[in-house]
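Data block below; observations after.
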Amino acid sequence: MDKLVINGPCRLQGEVSISGAKNAAVAIIPAAIMANNICIIENLPSIEDVTSLNTTITKMGAKTEFLDQHTLKIDSRGMENISATFEEVRKMRASYYLLGALLARYRRAEVAMPGGCDFGSRPIDLHLKGFRAMGAQVSVERDVIRVEAEKLQGASIYMDTVSVGATINIMLAAVLAEGKTVIENAAREPHIVDVANFLNIMGAKIKGAGTDVIRITGVEELHGAQYTIIPDQIEAGTYMIAAAITGGDILVKNIIPTHMDSLSAKLDEMGAGVEEFDDAIRVNATGRHLKAVSVQTMAYPGFPTDLQPQMTTLLTVAEGIGKVTENVWENRYQYTQMLKLMGAQIHVEGRVAITTGVPSLTAAHVDATDLRAGAAMVLAGLCANGETVIGEVKYIDRGYEEIEKKLTALGASIRRVHV
Ligand code: EPZ
């Protein structure tokens, strides 16, 4: 078991290069098994979720090879196993994309109920409703989801709730279905566009990804392709907040600045300097006293729920009263208990968290309660006085590539210890 030890406070300064997007990678790897030939995926982040998915598809019969740390060659021509019920699958949420991918290619799939971070109920009814609308039979038995379709037929599907996972999963199934599929009230996250671009390069016919109506015309097969994944919006945002919370000055490189608009606007409103370049953003908080603001999480282009714990942590040391409303997940505030151990003043009621800024946090022994909560603990440790020890680092490793290396290069005193 690893822990991260941070000696704070530190002022971060310098440049950081952002890795490929985790939530695009975890959909693009399953999408690659739909091809009738070799796919090469570039700019994959070096994180545990990618390792788990690679192990999963290998166990299912795909041949994979890392050509370098960030490039994976996937050859699924010999893959015959449509059943993914082993341990790796249960560990991660994104394993649900295997359902759409296998259903599209083999017309049947058996996948263990997805796991992932725990922040309340995480239903997948919309995914299954979409598969059913396309003619699939769906059953759930002893934690295993089975989908099967003699004929997969395009359909008109309206999403009751905006869902990233359901939008991508239905898109996966629809590209190899017969006829046209229309997804209305679709999610618009950058990684949805990324997955659609990859599928289109493989020969799919998808229009409208990135808007709330996606139209797909089914094709008979997908061919191999080479594709570079977009930069990770949430990793980028975490480093932008790291600059703000440490009174630092960081150039966050290799990003798509428009993906960061909701966060850039909030940091600007708080009084940080935010400067945009073609593929970078500089956040400069040197000598500035940041003011608290109100933040509401929403589907893209709203403020991302996956930056909510990091933003709330920043608000605990900003001047005045901050208000956070979590509109996506019902229970994403467990980590606030940890922040309280560090002297933060936060009051949570239902979906709303109210922060009263304190001049500084105090180091403590805390745990990462999930992936983004873990990132929040790191940010708190960077600005707290003394030695903060963070347990359950495995959550952070699921989504952040070499976090201690990147932070050390920015001037943080952070080390990993094996316990
Ligand atoms: C994706 O989860 C991300 N995970 C999450 O990131 C992220 O928090 C979330 O999107 C929202 O942006 C991956 O991409 C692997 P949703 P997903 O379906 O797709 C409700 C991280 O930290 N809903 O968009 O599972 C659901 O309860 C992770 O990187 C249904 O009601 O989320 C939620 O309130 C954590 N029925 C809302 O929709 C369904 O069938 C949005 O969920 C599906 C979802």
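The values are calculated or read from the model by the stated rules, or taken from the named source; none is laboratory data. The model shown is predicted, which means the values in this text are computed figures rather than measured ones. In this analysis, Cβ positions are derived from the backbone assuming ideal geometry, glycine residues included, and neighbour counts consider all displayed protein chains. Please note that ligands, DNA and RNA were not included when accessible areas were found on the heavy atoms of the full protein model with its side chains. Shrake-Rupley method; radii C 1.70, N 1.55, O 1.52, S 1.80 Å.
For the chain, what is the charge dipole size about the Cα centre, in debye to the nearest 20, if Lys and Arg each add +1 at the Cβ and Asp and Glu each add -1 at the Cβ? Don't skip to the end; give the middle numbers.
Numbers: 40 positive and 49 negative charges, 86 e Å.
Magnitude of the dipole: close to 420 debye.
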| message | Let me see the P(r) profile for region 204-257: every Cα-Cα distance counted, bins of 10 Å, each bin given as a percent of all pairs. | response | 18, 28, 26, 18, 9, 1
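Computed FRET efficiency, Cβ-Cβ of residue 413 and residue 201, R0 56 Å: what is it to the nearest 0.05? It would help to have the intermediate numbers written out before the result.
Numbers: r = 44 Å, r/R0 = 0.78.
Efficiency, rounded to the nearest 0.05: 0.80.
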| field | Rounded to 5, the percent of DSSP beta bridges in region 250-331 classed as antiparallel | value | 60 percent
| note | Cα-Cα pairs in region 8-63 separated by more than 13 Å, as a whole percent of all pairs, come to 66 percent
| field | Isotropic mean projected area of the C-alpha convex hull, region 154-282 (nm²) | value | 8.7 nm²
| Of 115, 149, 162, farthest towards positive along the dipole that unit charges on Lys, Arg, Asp, Glu beta carbons give the chain | 149
| Of 301, 30, 123, the one that fluctuates the most in a GNM where the chain has Cα springs shorter than 10 Å | 123
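For the chain, what mean projected area does the convex hull of the alpha carbons give, in nm²?
On the way: hull surface 72.3 nm².
Approximately 18.1 nm², given one-decimal rounding.
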| task | Using just the helices of the chain, give the 222 nm mean residue ellipticity in deg cm²/dmol: DSSP H runs with n ≥ 4 each add -39,500 (n - 2.57), and the total is spread over all residues, rounded to 500. | result | -9000 deg cm²/dmol
| remark: Residue span residue 289 to residue 80: 0.36 nm per residue of separation minus Cα-Cα distance leaves a gain in nm of 69.4 nm
| Percent of C-alpha pairs per 5 Å bin, region 46-194, short to long | 2, 9, 18, 21, 22, 16, 9, 3, 0
| query | Along the principal axes of its C-alpha atoms, what lengths does region 78-163 span, in descending order and rounded to whole Å? | reply | 37, 33, 21
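Please get the size of the charge dipole for region 206-345, origin at its Cα centre, with Cβ charges of +1 on Lys and Arg and -1 on Asp and Glu, quoted in debye to the nearest 20.
Numbers: 10 positive and 17 negative charges, 99 e Å.
Using only the charged Cβ atoms, the result is roughly 480 debye.
Can you give me the Kirkwood hydrodynamic radius for region 320-419, using every pair of distinct Cα atoms, in Å to one decimal? Can you show the working numbers first?
Working: mean 1/r = 0.0701 Å⁻¹.
One over the average 1/r among Cα pairs gives 14.3 Å for region 320-419.
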| query | Between residue 265 and residue 129, what length in nm is gained on full extension when 0.36 nm per residue of separation is reduced by their alpha carbon distance? | reply | 45.3 nm
| request: Report the full-extension gain for the segment residue 212 to residue 139: residue separation times 0.36 nm, less the Cα-Cα distance, to one decimal in nm. | output: 23.4 nm
| task | Name the most mobile residue of 182, 358, 89, meaning the one with the largest mean-square fluctuation, in a Gaussian network model of the chain with Cα contacts below 10 Å. | result | 358
| request: Evaluate the distance, in nm, between pseudo-label points positioned 7 Å from the Cα of residue 319 and of residue 226 along their respective Cα→Cβ axes. | output: 5.4 nm
| task | Report the trypsin sites (Lys or Arg not before Pro) located in region 47-134 that are in a DSSP loop and have at most 15 other Cβ atoms inside 10 Å of their Cβ, or state none. | result | 77
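Given 253/406; 129/180; 3/405; 91/180, which pairs have Cα atoms separated by over 22 Å?
Numbers: 253/406 12 Å; 129/180 17 Å; 3/405 14 Å; 91/180 34 Å.
Those over the limit are 91/180.
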| remark: Over region 206-252, with neighbouring protein chains present, the accessible area per residue in Å² at probe 1.4 Å is 33 Å²
| task | Compare the Cα positions of 8, 239, 196 along the charge dipole of the chain (+1 at Cβ of Lys, Arg; -1 at Cβ of Asp, Glu; about the Cα centre) and return the one farthest towards the positive end. | result | 196
| query | Most fluctuating residue of 239, 300, 400 in a GNM of the chain with Cα springs under 10 Å: which is it? | reply | 300
